[in-house]
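Peer 1: Take this structure, written in structure tokens, and hold onto it; I'll ask about it next.
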Amino acid sequence: MFSRAALLTAQRPLTVAATRSAAAAAAPGGAIERRQRPEHPGKVRLGFLPEEWFQFFYNKTGVTGPYTFGVGLITYLCSKEIYVMEHEYYSGLSLGIMAVIAVKKLGPVIAKWADGEIDKIESEWKEGREAELKVLSDAIEAEKKEQWRADGALLLMDAKKENIALQLEAAFRERAMNVYSEVKRRLDYQVECRHVERRLSQKHMVNWITTNVLASISPQQEKETLNKCIADLSALALRVKSA
């Protein structure tokens, strides 16, 4: 009870001061405190109060309006024992202070470490993705090379077909030449046989005629012929001498 009475005694001057400040802000002389402050959309105060609330109170009650409202609200909650200040209150206050200190002091370090880990994981994922893309690109290049080799194999097959065709043509020409040579040799043999038969026939005919002619000549005719030849040779010799 005594602590509550002391708390109420300490809070009454704050309430009177807040009331007087609000009255001064409402008076014509307090128009100076109602000056407009620049708006900052999205900005907060005390870590959780939006700036628009303060702008609203500035427009309605002046610069000290939000603070007067806050102090009055806390005083009301404490005086009516709506907010009971027991050991849990100080525990919560201590936890809140430690949480703020942890956020302010450890927050940047943890955020930097977390960002580093995220960057590390992202870099690993990126390296894995780049490695997979490289493997796929190499596979594509290998497939293109295999297709090129397949096209080369088709060209080689065409060249082999042409080579086989040339070999067949050469073999055909060689055999045709062999046939021509054999036919020509046999024809030449037949012609030579005909020539030999003709020569033998001619020789036999000459021998037969010679034999018959010699057989038809008598010794007297032979002697007369020989004497006539000798006479012709003698006349020829005399003619040569006289010349």
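Peer 1: Could you grab me the full set of residues in the range 61-84 that are open to solvent by 30 Å² or more (accessible area, probe 1.4 Å), out of contact with any Ser or Thr (no Cβ under 6 Å at 6 or more places or on another chain) and touching a residue at least 40 places away in the same chain (Cβ under 8 Å)?
Peer 2: 71, 72, 79, 81
Peer 1: Still on this structure, please answer the following. Would you pick out the residues in the range 213-226 that are loosely packed, with under 10 Cβ neighbours inside 10 Å and in a helix (DSSP H, G or I)? Give the derivation first.
Peer 2: Initial filter on the range 213-226 (loosely packed, with under 10 Cβ neighbours inside 10 Å): 213-216, 218-220.
Hits for the range 213-226 are 213, 214, 215, 216, 219, 220.
Peer 1: State all residues of the range 164-217 that are small (Gly, Ala, Ser) and under 60 Å from the mean Cα position of the chain (by Cα); if no residue qualifies, say none.
Peer 2: Of everything in the range 164-217, those that are small (Gly, Ala, Ser) and under 60 Å from the mean Cα position of the chain (by Cα) turn out to be 165, 170, 171, 176.
Peer 1: List pairs: first residue in the range 86-113 and free of Cβ contacts under 8 Å to residues at least 24 places away in the same chain, second residue part of a loop (DSSP other than H, G, I, E, B) and surrounded by 10 or more Cβ atoms within 10 Å (Cβ to Cβ) anywhere in the structure, Cβ distance under 9 angstrom, at least six positions apart or on different chains.
Peer 2: 89/83
Peer 1: In the range 57-113, which residues are farther than 22 Å from residue 45 by Cα and not in a helix (DSSP H, G or I)?
Peer 2: 80, 81, 82, 83, 84, 85, 86
The values are calculated or read from the model by the stated rules, or taken from the named source; none is laboratory data. Just so you know, these numbers come straight off a predicted model, no measurement behind them. Neighbour counts are summed over all protein chains in view; Cβ atoms, including those assigned to glycine, are modelled from backbone coordinates with ideal geometry. We work out accessible area using only protein heavy atoms, side chains counted, and drop any ligands, DNA or RNA first. Shrake-Rupley method; radii C 1.70, N 1.55, O 1.52, S 1.80 Å.
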